[in-house]
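Novice: This structure is in structure tokens; I'll ask about it shortly.
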Amino acid sequence: MPKKNRNPKSFYLLSLGCAKNTVDSESMAQLLGGAGYTGVAEPAKAGVLIANTCGFIGPAKEESVNALRELADGKKPGQMLIAAGCLSQRYGAELAKQVPGLDGIIGARRWMDIVDLVQRLRAQPHPQPIYHLPDTPVVGGDERGAMRAAIQGASAYLKIADGCRRPCAFCAIPLIKGAAVSRPSESILAEARQLEAMGVKELILIAQDTTDYGHDLGMKEGLSTLLERLADAAPGIPWIRIMYAFPGYVTDRQIETMARLPQVLRYLDMPLQHGHPATLRRMRRPANVEWVRDTVGKMRAAMPDLAIRSTFIVGYPGETEEEFQTLLDFAAELQFDRVGAFTFSFEPGTASEPLGDPIPPEVKEDRRRRLMEQQQRISLAKNQAQIGKTLDVLIEGKGDGLSLGRSYRDAPEIDGMVMVEGDLPVGEFVPVRITGAMAYDLTGAAATARAIGQPIALRE
Ligand code: SF4
């Protein structure tokens, strides 16, 4: 596109990585919009190109570097390219060596300064990239009025905190984001009210560790308190979903609150990472697997229809076949509804660095495959148990004459879906009688004459 047709006050923002990064991308887009910049969908049409990168593990870092290189290769005179996010925060100047053509680098801790950086880049020639990586220990709390949410259809990710104080040996997040910073409850509640007014039907609470919410604000049971206040503040939002709970911090109060509040879904994402105490100790993760058994037992007693998602890492340095077998047995015993499995990614700068990466990739991959094959059988059985039940399904799309949606048992993008006969309204809840089950997905038909779109009957 000839330079003359490209609006210098337009931006193209590519968001990579996790839902927390998606929220940062949305917030940066809002701030740019507030400064008179227009978002465009094609890089060629933008004056400013921004990639909000992921710097968590090897494959994600690679994806981010490749995306930046692609943008740099396509960059036209007058366009500027900015690398934002976790990869920028973690590697800074090193990134500029890997991606020639970068104009600016801004870290994940100061996403809110994106407009300042763009204006600095527009104001002065910059033969070298301009770095905006101030040495701040944590993610900035000055959000400059940007909403910390990412709306996707009738759902919204709502960020309640950023950063993490946990010592997990394999994880680079504390290096990137610093310790946990909880957002003031009032800001979160105000955004929940805004999202309710915008017709959002599902709030997905995210942070690196939602169970640590409020700790840095001196709150006890901060997450439970926040759930109660959210239910009061946004009674019109039928679904509140909790992601990223940290083992050892799901309290009796939280279980009681989840069981009592109708809006809080009987769904919990709790990454456990392993099931063998010795591996967990080497990972510097809570190694009390008895606690996990007890807590899962308590949760299921209080919420028999609870869906639990967990995540595991296989191939961690020192993981023996016996330790891996213990993980398999642990996952088989606890019967999680949803499981994500990842092979260990060697991450320089983390506490696990000295352990190296001794387990061959094919062994790691074999273990990941065996765990997921076992999980497929478990997930299928769990799904088959839904046949004959009626679940409220949030319709999100269409395909092959079917309507596609999610039940309370499915978080977006990572869990299964429900395929429903008929042409049903997107963004609405529909009661669906489950008629079939696959390893991850369910099938069904709209159940009752209850007027589609009417508020769903929250559970008693
Ligand atoms: S809880 Fe552990 S794995 Fe999760 S972000 Fe924090 S340090 Fe990383």
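Novice: Condition first: in a helix (DSSP H, G or I) and open to solvent by 50 Å² or more (accessible area, probe 1.4 Å). Can you find one or more residues in the range 326-337 that meet it? Break it down into steps so the answer makes sense when it comes.
Specialist: Our first condition is that a residue be in a helix (DSSP H, G or I); within the range 326-337, this holds for 326-334.
Filter once more, so that each one left must be open to solvent by 50 Å² or more (accessible area, probe 1.4 Å): 329, 333.
Scanning the range 326-337, I find at least one residue that is in a helix (DSSP H, G or I) and open to solvent by 50 Å² or more (accessible area, probe 1.4 Å), so the answer is yes.
Novice: Looking for whichever is among the charged types (D, E, K, R) and modelled with pLDDT under 95 here; the options are Asp162, Asp135. Which one fits?
Specialist: On the way: Asp162 fails: modelled with pLDDT under 95.
Just one listed residue meets the conditions, Asp135.
Novice: Here's something else I'd like to know. List the number of the failed condition for Pro262; all other conditions in (1) of a type outside the set (A, V, I, L, M); (2) buried (at least 21 other Cβ atoms within 10 Å of the Cβ); (3) touching an Asp or Glu at 6+ places or on another chain (Cβ under 8 Å) hold.
Specialist: Single failed check for Pro262: (2).
Novice: When the range 270-284 is examined, which residues are found to be in contact with a Gly (Cβ under 9 Å, 6 or more places away or on another chain) and within 12 Å of the ligand (Cβ to nearest atom)? Talk me through it step by step, then tell me what you get.
Specialist: Of the residues in the range 270-284, the ones in contact with a Gly (Cβ under 9 Å, 6 or more places away or on another chain) are 271, 278-279, 282.
Residue satisfying the conditions is Pro271 alone.
Novice: Based on this model, can you work out whether Gly145 counts as within 24 Å of the chain's Cα centre (by Cα), within 18 Å of Ala35 (Cβ to Cβ) and either open to solvent by less than 10 Å² (accessible area, probe 1.4 Å) or in contact (Cβ under 8 Å) with a residue 12 or more places away in the chain (or both)? So that I can check it myself, show each step before the final result.
Specialist: Working: within 24 Å of the chain's Cα centre (by Cα): yes; within 18 Å of Ala35 (Cβ to Cβ): yes; either open to solvent by less than 10 Å² (accessible area, probe 1.4 Å) or in contact (Cβ under 8 Å) with a residue 12 or more places away in the chain (or both): yes.
Yes, satisfied.
Novice: Condition first: surrounded by 20 or more Cβ atoms within 10 Å (Cβ to Cβ) and either closer than 17 Å to Arg309 by Cα or free of Cβ contacts under 8 Å to residues at least 40 places away in the same chain (or both). Now tell me which residues in the range 429-441 satisfy that. Show your work before the answer.
Specialist: First, the residues of the range 429-441 that are surrounded by 20 or more Cβ atoms within 10 Å (Cβ to Cβ): 429-430, 432, 434, 437.
The one that is surrounded by 20 or more Cβ atoms within 10 Å (Cβ to Cβ) and either closer than 17 Å to Arg309 by Cα or free of Cβ contacts under 8 Å to residues at least 40 places away in the same chain (or both): Val430.
Novice: Still on this model: Across the range 17-53, what is the total count of residues that are surrounded by fewer than 17 Cβ atoms within 10 Å (Cβ to Cβ), touching a residue at least 60 places away in the same chain (Cβ under 8 Å) and of a type outside the set (A, V, I, L, M, F, W, C)?
Specialist: Count: 1.
Novice: Conditions first: (1) within 16 Å of the ligand (Cβ to nearest atom); (2) buried (at least 16 other Cβ atoms within 10 Å of the Cβ); (3) outside the structural domain of Arg284 (by TED's automatic domain parsing). Gly101 passes all but one, so which condition is the exception?
Specialist: Of the numbered conditions (1) within 16 Å of the ligand (Cβ to nearest atom); (2) buried (at least 16 other Cβ atoms within 10 Å of the Cβ); (3) outside the structural domain of Arg284 (by TED's automatic domain parsing), the odd one out for Gly101 is (1).
Novice: Still on this model: Can you tell me which residue within the range 144-163, out of those that are closer than 18 Å to Ile188 by Cβ and part of a loop (DSSP other than H, G, I, E, B), is nearest to the ligand (Cβ to nearest atom)?
Specialist: Within the range 144-163, the match that is nearest to the ligand (Cβ to nearest atom) is Gly163.
Novice: Working carefully through the options Thr295, Thr279, Thr311, find the one that is open to solvent by 10 Å² or more (accessible area, probe 1.4 Å) and among the β-branched types (Val, Ile, Thr).
Specialist: Numbers: Thr295 fails: open to solvent by 10 Å² or more (accessible area, probe 1.4 Å); Thr279 fails: open to solvent by 10 Å² or more (accessible area, probe 1.4 Å).
After ruling out the rest, the residue left standing is Thr311.
Novice: Are there any pairs with C-beta distances below 8 angstrom linking a residue in the range 364-393 that is in the same structural domain as Pro238 (by TED's automatic domain parsing) to a residue that is assigned to a helix (DSSP H, G or I) and open to solvent by 20 Å² or more (accessible area, probe 1.4 Å), with the two at least 6 apart or on different chains, and if so which?
Specialist: Gln374/Ala332; Ile378/Ala332
Novice: Residues of the range 54-78 being touching a Lys or Arg at 6+ places or on another chain (Cβ under 8 Å) and crowded, with 21+ Cβ neighbours inside 10 Å, which ones? Write out each step before concluding.
Specialist: First, pick out the residues of the range 54-78 that are touching a Lys or Arg at 6+ places or on another chain (Cβ under 8 Å): 54-55, 76-78.
Once the filter is applied, which keeps residues that are touching a Lys or Arg at 6+ places or on another chain (Cβ under 8 Å) and crowded, with 21+ Cβ neighbours inside 10 Å, the range 54-78 yields Cys54, Gly55.
Novice: Would you confirm whether or not the range 188-201 contains a residue that is of a type in the set (Val, Ile, Thr), within 16 Å of the ligand (Cβ to nearest atom) and either closer than 18 Å to Ala149 by Cα or modelled with pLDDT of 95 or more (or both)?
Specialist: Pass one, the range 188-201, residues of a type in the set (Val, Ile, Thr): 188, 200.
Narrowing the set further to residues that are within 16 Å of the ligand (Cβ to nearest atom) leaves none.
Checked the range 188-201: no residue is of a type in the set (Val, Ile, Thr), within 16 Å of the ligand (Cβ to nearest atom) and either closer than 18 Å to Ala149 by Cα or modelled with pLDDT of 95 or more (or both).
Novice: A follow-up question, please. Within the range 202-211, does at least one residue satisfy the condition of being of a type outside the set (S, T, N, Q), more than 16 Å from the ligand (Cβ to nearest atom), open to solvent by 40 Å² or more (accessible area, probe 1.4 Å) and not assigned by TED's automatic domain parsing to the domain that holds Ile414?
Specialist: Let us first name the residues in the range 202-211 that are of a type outside the set (S, T, N, Q), namely 202-207, 209.
When the remaining residues are screened for being more than 16 Å from the ligand (Cβ to nearest atom), the result is 202-204.
Then drop every residue that is not open to solvent by 40 Å² or more (accessible area, probe 1.4 Å), which leaves none.
Looking through the range 202-211, none of the residues is of a type outside the set (S, T, N, Q), more than 16 Å from the ligand (Cβ to nearest atom), open to solvent by 40 Å² or more (accessible area, probe 1.4 Å) and not assigned by TED's automatic domain parsing to the domain that holds Ile414.
Novice: Kindly indicate whether any position in the range 286-303 is closer than 20 Å to Arg166 by Cβ and either touching a residue at least 60 places away in the same chain (Cβ under 8 Å) or not assigned by TED's automatic domain parsing to the domain that holds Ile176 (or both).
Specialist: no
Novice: Take Lys201 and decide whether it is closer than 27 Å to Pro412 by Cβ, basic (Lys, Arg) and out of contact with any Lys or Arg (no Cβ under 9 Å at 6 or more places or on another chain).
Specialist: Working: closer than 27 Å to Pro412 by Cβ: yes; basic (Lys, Arg): yes; out of contact with any Lys or Arg (no Cβ under 9 Å at 6 or more places or on another chain): yes.
Against the criterion (closer than 27 Å to Pro412 by Cβ, basic (Lys, Arg) and out of contact with any Lys or Arg (no Cβ under 9 Å at 6 or more places or on another chain)), Lys201 qualifies.
The values are calculated or read from the model by the stated rules, or taken from the named source; none is laboratory data. As the structure is a computational prediction, the values presented were derived from the model and not from experiment. Reconstructed Cβ throughout: ideal geometry from the backbone, glycine too, with neighbour counts over all protein chains shown. Accessible surface areas use protein heavy atoms only, side chains included; no ligands, DNA or RNA. Shrake-Rupley method; radii C 1.70, N 1.55, O 1.52, S 1.80 Å.
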